[in-house]
Each structure stands twice: as C-alpha cells, then as structure tokens.
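Attaching a single structure in structure tokens format; questions to follow.
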Amino acid sequence: MRRREFLVGAAMLAGTMARSRAADIPVPSPDGLDRITAFFDDEVASGRLPGAVILVQQHGKPVYLKCFGVRDTRTGLAMTPDTIFAIHSMTKPITCLGAMMLIDEGKLALADPVSKYVPLFAGTKVGREVTLPGGTVELDLDPPDRPVNIEDLLRHTSGISYDYIGAEWVEHAYRAANIFAGHFNNRQFADRIAELPLARQPGTLWRYGHSTDVLGSVIEIVSGQTLYDFLKARIFDPLGMNSTKFALATEEELARMARPLPNDVILLAGERDRLDHPEWQSGGGGLLSTITDYQRFAQMLLNGGELEGRRYLSPAAFKAMTTDQIGPGSGVGRDYFYFPGDGFGYGYGLAVRTDPGNAKPPPPGSLGELKWDSGSGTYFGVDPKLDMVYLMMQQTQNERGRITPAFKALVYDCYPPELRRP
C-alpha cells in the first residue's frame with residue numbers, strides 16, 4: 001500500500017512539475033508565426049519553391065501547422081499534412097536510433113569492429129596522397145591505425161566519405177569504383193564501400209559519408225531482418241509512422257509524393273537514382289516520410305527517448321546518443337566539410353548544440369538542442385529548453401542553403417530575445 005501511495009504521489013508530482021514547466025515557457029507570438037507564413041507565401045508566389053509544410057509543436061501539441069503551395073507543379077495538387085517527402089539525410093537519425101536499440105540490448109557494441117559483421121572491412125586501407133620528386137601525385141595506401149568500429153559509423157569518424165566530399169583523390173576513387181552500378185542490397189553496398197580507401201585514419205576526423213549506409217547493413221546482419229522490416233517493427237509501427245518507408249507501393253501513395261521544381265536538376269537526379277535502386281534500403285538517405293510522421297520521432301527525442309508510455313531507449317543510451325561524442329579530448333578533428341556547424345557537436349546520429357559558437361551574434365537556438373537536415377531541404381529541430389520541436393518539409397536543393405537558416409531564425413524570432421540565443 002505504501003509503495004502504491006509513493007508511485008501515485010510521484011506521478012502527481014511529475015505532472016505538477018510538467019505543468020509548471022509548461023507555464024514558465026511562453027508560447028510563440030502570433031506576429032512571429034505570421035512572419036513564417038509571409039515568408040513561405042513569398043517563396044511560393046515568387047516561384048522559388050513549389051510548396052512546403054511547416055510545423056511548430058510545443059508541449060507535445062502543434063501550435064503552428066501550415067501547408068504552402070503544391071506538391072508537384074505538373075499536377076497542381078495542393079500540399080497537405082500527409083504529403084510524402086524524400087527526407088534524404090534525415091534518414092540517418094532513425095537508422096542510428098535502430099543501432100542504439102541493438103546496443104542497448106547488448107546485441108551490438110560501440111567498440112565492435114565493423115569487420116565482425118562485414119568481413120571485407122578487415123582489409124580496408126587508408127588513402128594518402130604522396131608527391132613524388134618530379135611533382136607527380138600518387139595515392140599511397142596505409143594500414144589503419146585501428147579498425148573502423150561501430151562508434152565510427154554512428155558519429156561519422158570512420159573515414160568513409162561521399163563521392164563529392166574531400167580531396168580530389170577521394171572523389172576520383174569513389175566515382176571510379178562506380179559503387180551505384182547495377183542492382184545491389186545493403187550488404188553488397190557495404191562490401192563495395194569496404195573496398196574503397198578511407199579518407200582518413202579511423203577516429204581522427206568528422207567526415208560525412210556512407211557510414212550510416214554501412215550501419216544499416218550491420219543492423220540487418222545483427223537483427224536477421226531487412227533494414228525496413230527492423231525499423232518498421234521497432235520504430236515506425238510503435239510510433240505510428242505509417243507513411244515512412246523506403247519505397248512507395250500504391251497509386252494513392254505516389255499521388256501524395258512531393259516533387260522539386262523542374263530546374264532542380266541535382267535533386268531530380270537523386271530521385272532518379274532512388275527509383276533506379278528500389279532494392280537498396282539506404283540507411284543514410286533512402287527514407288520517405290511525412291511531417292506528421294516525423295514529428296512523432298522528433299517528439300520522442302524531446303521526451304528523452306519515450307513517447308506515450310513506450311520507451312525506445314534507456315536513459316543511459318539516450319544520453320549517449322544525444323551527447324557530443326567528438327568534442328575536446330575525443331581526438332576528432334573538423335574541417336571545411338563539418339556540416340553540424342558553428343556551436344554544434346555531434347552525438348550518435350544527431351547534431352547537438354554545445355556552445356554559442358563563434359558568430360556574433362550567435363545563431364539562434366538553445367544549448368542542448370538537437371537537429372539535422374537533408375539535401376532535399378527537409379529540416380527538424382528539437383529544443384528541450386522551449387519544450388519544442390519544429391519541422392520543415394520541402395523539396396529543394398537549389399534553395400535549401402538560404403531557406404533553412406531563414407526558417408530557423410523565423411521560429412526563434414517567435415520568442416522573447418532572451419530565449420532566442422544560447
């Protein structure tokens with residue numbers, strides 16, 4: 001009886017504290033939300049953007065959800081909350097959550113060498129440019145100082161790159177390997193990556209690349225399921241993310257798909273590549289989703305790894321995932337291609353705000369905020385200080401570099417000045 005009274009009392013106290021915390025945080029100003037509307041109205045009216053869906057959610061409830069423009073300029077179908085978007089690199093946090101679940105259960109370990117699951121990684125070398133006396137530049141191959149491990153895949157310190165990032169030799173090696181030729185599954189793709197030289201020694205540099213794709217293959221090997229089946233059973237179905245998948249199966253789903261403008265050639269080429277490889281479930285960039293699906297994933301992160309009474313990660317595993325793992329003392333360097341940006345560290349699949357950064361004034365946001373975006377222009381942020389998640393779904397490579405920081409600034413401009421900066 002005493003234990004029951006304690007539990008009831010604790011639950012009442014937690015509820016009171018949550019209500020008190022919510023009461024202390026101001027809601028977004030109506031004028032600020034109107035500025036978000038005006039901004040995206042102008043983007044659509046000017047023809048720079050076909051359409052977008054924007055969501056700001058506080059204390060677990062939407063305070064702003066608005067659709068702009070059309071899904072596809074060819075059909076003229078209006079944007080709706082259930083419009084499906086290619087979310088590209090916003091796939092990565094979901095895949096990393098899946099891996100962290102396996103780590104949480106003791107089925108996978110951060111220190112495991114990747115070669116334990118993909119044996120070809122035992123022979124992976126590190127590339128190094130050498131200038132000969134006559135000025136000729138050649139590529140030399142060194143053994144790694146240590147094996148690439150699971151932690152490297154989670155935090156992008158494996159030395160695995162993309163074909164458009166890094167030194168000229170890196171780009172040449174990836175393109176010459178023709179890693180997207182023919183049909184291939186996740187395991188075959190991981191084998192192709194293992195045969196390429198690493199851009200740097202493992203654990204020494206944050207370098208964006210196919211690490212999360214290899215991680216997707218590891219998840220399949222450990223779980224005995226395809227990546228989609230694993231994510232569906234462990235994340236999508238429990239969270240109610242019913243429209244999140246790697247490939248669309250019905251005409252109704254295809255009609256809900258958003259499409260970039262005809263002049264967005266990079267994004268259209270990426271879409272063709274995705275359609276050409278329906279058998280490849282890219283853990284680094286292959287998912288399709290809606291804003292209403294992804295907000296549930298984001299809310300789960302805001303809640304510390306729990307949503308509606310179901311826990312997805314233990315508190316310890318969640319803390320590890322959302323703590324900077326490449327900061328001072330980690331031995332990890334940063335260069336021009338450090339995409340988390342000024343003031344941000346990186347956990348296991350997510351950027352995390354660690355300090356105001358060097359810019360004056362600092363970019364908007366809060367210490368401890370989580371975020372990631374994608375090459376297709378989608379973006380999400382999680383702000384524990386404001387008990388807020390905010391998401392932008394759009395399909396634009398051409399305009400995303402301009403729109404993404406503008407969107408974030410507009411969201412934080414909805415709050416008093418003292419809450420806009422870390």
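The values are calculated or read from the model by the stated rules, or taken from the named source; none is laboratory data. Computed from a predicted model, the values in this text were never measured in an experiment. All Cβ positions, glycine included, derive from the backbone under ideal geometry; neighbour counts span all protein chains shown. Areas reflect the complete protein model, heavy atoms only, side chains present, ligands, DNA and RNA absent. Shrake-Rupley method; radii C 1.70, N 1.55, O 1.52, S 1.80 Å.
Take the residues in segment 63-96 that are more than 14 Å from Asp293 (Cβ to Cβ) and under 22 Å from the mean Cα position of the chain (by Cα); name whichever of them is most open to solvent (accessible area, probe 1.4 Å).
To start, the set of residues in segment 63-96 that are more than 14 Å from Asp293 (Cβ to Cβ) comprises 63-64, 66-79, 88-89, 92, 95-96.
Keeping just the survivors that are under 22 Å from the mean Cα position of the chain (by Cα) gives 88-89, 92, 95-96.
On the way: His88: 48, Ser89: 15, Lys92: 1, Thr95: 0, Cys96: 1 Å².
Among residues in segment 63-96 that are more than 14 Å from Asp293 (Cβ to Cβ) and under 22 Å from the mean Cα position of the chain (by Cα), the one most open to solvent (accessible area, probe 1.4 Å) is His88.
Per-residue answers, yes or no, for (1) within 23 Å of the chain's Cα centre (by Cα); (2) under 21 Å from His277 (Cα atoms); (3) in a helix (DSSP H, G or I):
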position	(1), (2), (3)
Asp163	yes, yes, no
Gly166	yes, no, no
Val170	no, no, yes
Ala176	no, yes, yes
Gly182	no, yes, no
Ala190	yes, yes, yes
Ile193	yes, yes, yes
Arg207	yes, no, no
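Every residue, every condition in (1) open to solvent by less than 20 Å² (accessible area, probe 1.4 Å); (2) in contact with a Pro (Cβ under 7 Å, 6 or more places away or on another chain); (3) farther than 20 Å from Ile103 by Cβ, yes or no:
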{"residue": "Arg311", "(1), (2), (3)": "no, no, no"}
{"residue": "Arg334", "(1), (2), (3)": "no, no, yes"}
{"residue": "Phe337", "(1), (2), (3)": "no, no, yes"}
{"residue": "Tyr346", "(1), (2), (3)": "yes, yes, no"}
{"residue": "Pro356", "(1), (2), (3)": "no, yes, yes"}
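Of all the residues that make up segment 163-216, how many are touching a His at 6+ places or on another chain (Cβ under 8 Å) and farther than 23 Å from Ala122 by Cβ?
4
If you scan segment 386-422, which residues turn out to be closer than 15 Å to Phe39 by Cβ, open to solvent by 30 Å² or more (accessible area, probe 1.4 Å) and without any contact (Cβ under 8 Å) to a residue 40 or more places away in the chain?
Listed by number, the residues that qualify are Arg400, Arg402.
Could I ask something else about it? Under 7 Å between Cβ atoms, which residue pairs at least 6 apart in sequence (or on different chains) link something in segment 13-35 that is within 17 Å of Leu55 (Cα to Cα) with a partner that is in a helix (DSSP H, G or I) and modelled with pLDDT of 95 or more?
Arg35/Leu410
Tell me which residues, restricted to segment 103-159, are at pLDDT below 95 and part of a loop (DSSP other than H, G, I, E, B).
Leu132, Pro133, Gly134, Gly135, Thr136
Are there any strands (runs of 3 or more DSSP E) wholly within segment 310-422 with 2 or more residues that are among the hydroxyl-bearing types (Ser, Thr, Tyr), and if so which?
Numbers: elements: 344-346, 351-353, 370-373, 379-383, 388-393.
So the answer is none; nothing clears 2.
To keep it simple, each residue is scored yes or no on (1) in contact with a helix residue (DSSP H, G or I) (Cβ under 8 Å, 6 or more places away or on another chain); (2) at pLDDT 95 or above; (3) of a type outside the set (Asp, Glu).
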position: Leu49; (1), (2), (3): yes, yes, yes
position: Arg71; (1), (2), (3): no, yes, yes
position: Arg74; (1), (2), (3): no, no, yes
position: Asp82; (1), (2), (3): yes, yes, no
position: Cys96; (1), (2), (3): yes, yes, yes
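Here's something else I'd like to know. Restricting to segment 349-390, give me the number of residues that are small (Gly, Ala, Ser) and under 21 Å from Glu418 (Cβ atoms). Break it down into steps so the answer makes sense when it comes.
First, the residues of segment 349-390 that are small (Gly, Ala, Ser): 349, 351, 357, 359, 365-366, 368, 374-377, 381.
Subsequent filtering for residues that are under 21 Å from Glu418 (Cβ atoms) retains 357, 359, 365-366, 368, 381.
Here the count works out to 6.
Report every pair of residues separated by at least 6 positions or lying on different chains whose Cβ atoms are under 8 Å apart, first residue within segment 131-143 and within 21 Å of Gly203 (Cβ to Cβ), second among the basic types (Lys, Arg) and in a strand (DSSP E or B).
Asp140/Arg128; Leu141/Arg128; Asp142/Arg128
Additional query: Here are Glu252, Glu271: which of them is assigned to a helix (DSSP H, G or I) and without any contact (Cβ under 8 Å) to a residue 60 or more places away in the chain?
Working: Glu271 fails: without any contact (Cβ under 8 Å) to a residue 60 or more places away in the chain.
After ruling out the rest, the residue left standing is Glu252.
Quickly run through segment 257-293 and pick out the residues that are open to solvent by less than 50 Å² (accessible area, probe 1.4 Å) and more than 21 Å from Leu49 (Cα to Cα).
Filtering segment 257-293 for residues open to solvent by less than 50 Å² (accessible area, probe 1.4 Å) gives 257-258, 260-261, 264, 267-271, 277, 280-291, 293.
Of everything in segment 257-293, those that are open to solvent by less than 50 Å² (accessible area, probe 1.4 Å) and more than 21 Å from Leu49 (Cα to Cα) turn out to be His277, Trp280, Gln281, Ser282, Gly283, Gly284, Gly285, Gly286, Leu287, Asp293.
Residue-wise test of (1) crowded, with 22+ Cβ neighbours inside 10 Å; (2) under 17 Å from Lys92 (Cβ atoms); (3) hydrophobic (A, V, I, L, M, F, W, C).
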residue	(1), (2), (3)
Pro202	yes, no, no
Asp213	yes, yes, no
Gly216	yes, yes, no
Thr226	no, no, no
Asp229	no, no, no
Ile235	no, yes, yes
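Which members of segment 128-184 meet the condition of being among the basic types (Lys, Arg) and either over 23 Å from Met321 (Cβ atoms) or open to solvent by less than 40 Å² (accessible area, probe 1.4 Å) (or both)?
Step one: of segment 128-184, the residues among the basic types (Lys, Arg) are 128, 146, 155, 175.
Once the filter is applied, which keeps residues that are among the basic types (Lys, Arg) and either over 23 Å from Met321 (Cβ atoms) or open to solvent by less than 40 Å² (accessible area, probe 1.4 Å) (or both), segment 128-184 yields Arg128, Arg155, Arg175.
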